[in-house]
Amino acid sequence: MHMYTEHFNLNLLPFENVPDPQFFYGYGDHAYIHKQISGSLQSGRGLIVVIGPIGSGKTTLSQMIKFDFPEKIKLIWMGEPPANSTNLYLFLAQELGLQPSSSEKTFVMRDIRNALLQINSEGKKCLIIMDESHLMSDDVINGIRLLNNLEEGSIKLIQLLLLGQEELMEKINRPEMKPFKQRIATLENLRTMNVDTMLKYVSHRIQVAGGTPALISDTGWEALSIAFSAGGTPRMINSLCDKSFSVAFEREKPAVDARDIYEATQRMGLVTDVFHYICLLNTREREIKNQESQPIADKPVPKTAEQPTPSITRKAEQKSRETKNEVPDVSRVRMGKADSSPADQIDLKVPVTLLILSIIAFTLSVLFFYHRAPASLDSLAALWAYSTL
């Protein structure tokens, strides 16, 4: 697969998932935690714990620490915890250039202490960085606690930086780990990036690589916002952006758009809402194309002396088309009825007049019957009395 750097006129690949200090984004949680770690190391506080999800940039932070203090720190890197505390001490002794006379912890710890005193006398600090610390056994955790106890007066002889996932907090919060937790000088939680931070992060990496934010179109930025609306880690953001640039390169596009990002999410097996955004874009494009594809004859032609006057039929058709395209005037509609014309109002006067006359005639009939009612009742009473004899 060809690199897309030349196609987009970039000096570097902007979204490689390697801990490169020059791409470090010095804002947000990463910048704050970086500052806290640096302060703890300079003051010699001892044990530092950084917790965050997979791909949240913990390793990049540790590389930044090495980059900040290249000559003042004796760095010992551990990619994963050892099986037990004995292996921890032996590994540390080997990294310090020691050859312990015995594998007993007491003698190994004595040799380690002497080596650390020598390093501190030279104005340096020893820093152990342990990645994947959530995999530590209880024995290794206790070994870390004992290393943190190595002091000379009020000075910690060794600095420890533990990087781990959320499971590490579950271990630390157990009651039996209270002595260890009390010795943590700095505890930081590295969260996922929100949308605003993510967009600035992507723009930052593009510019460091020699490009401009215009390499991602407006629809591309919107699609990224949708894809990471719930937050994202630097590793996942880098992977999606790198794949999106590759797709745009394959399609020979000058910039990454929403369709490239959607294709990248499909190749990576990500479930996002970008698909719905693509559907919306397609609908908008169809509407624009339909408007642009209307026949020229439908447009009103300016009347000149040489042109015949349009026929009544053509005028009616033109008026019908204009009526369809106009937005209805809501002010002329009241309670679901349109305003009636004067002719319609005149036509309604005749039936209304007849209705009023009918009501008057009915009222007079009722009054006439009421005045004759007593006499009628007397006649009926006499007839009833005669029939009963």
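The values are calculated or read from the model by the stated rules, or taken from the named source; none is laboratory data. Here the structure is a predicted model, which means the values were calculated and not measured. Note that we place each Cβ from the backbone using ideal geometry, even for glycine, and neighbour counts take in every protein chain shown.
For the stretch 111-149, the tally of residues that are within 16 Å of residue 163 (Cα to Cα), surrounded by fewer than 16 Cβ atoms within 10 Å (Cβ to Cβ) and basic (Lys, Arg) stands at 0.
Between 269, 211, which is under 27 Å from residue 24 (Cβ atoms) and surrounded by fewer than 21 Cβ atoms within 10 Å (Cβ to Cβ)? Break it down stepwise before answering.
Values: 269 fails: under 27 Å from residue 24 (Cβ atoms).
On inspection, the qualifying residue turns out to be 211.
Residues that are within 31 Å of the chain's Cα centre (by Cα) and among the basic types (Lys, Arg) were ranked within the stretch 31-86; the one that is nearest to residue 145 (Cα to Cα) is 58.
In the stretch 179-271, counting only helices (runs of 4 or more DSSP H) that sit wholly within it, the ones holding 3 or more residues that are polar (S, T, N, Q) span 195-208, 234-250.
Scanning the stretch 7-31 for residues that are part of a helix (DSSP H, G or I) and in contact (Cβ under 8 Å) with a residue 24 or more places away in the chain yields a total of 6.
Just wondering, is there one or more residues in the stretch 87-109 that are under 34 Å from the mean Cα position of the chain (by Cα) and at pLDDT 95 or above?
To start, the set of residues in the stretch 87-109 that are under 34 Å from the mean Cα position of the chain (by Cα) comprises none.
No, that holds for no residue.
Residues that are in contact with a Gly (Cβ under 8 Å, 6 or more places away or on another chain) and surrounded by fewer than 21 Cβ atoms within 10 Å (Cβ to Cβ) were ranked within the stretch 1-16; the one that is farthest from residue 173 (Cα to Cα) is 9. Pairs linking a residue in the stretch 252-270 that is assigned by TED's automatic domain parsing to the domain that holds residue 285 to a residue that is loosely packed, with under 15 Cβ neighbours inside 10 Å and not in a helix (DSSP H, G or I), with Cβ atoms under 9 Å and 6 or more positions apart or on different chains, are 259/251; 260/251; 263/251; 265/271. Evaluating residue 236 against the criteria (1) closer than 29 Å to residue 284 by Cα; (2) crowded, with 20+ Cβ neighbours inside 10 Å leaves one unmet condition, (1). Residue-level analysis places residue 74 among those that are basic (Lys, Arg), in contact (Cβ under 8 Å) with a residue 12 or more places away in the chain and in contact with a Lys or Arg (Cβ under 9 Å, 6 or more places away or on another chain).
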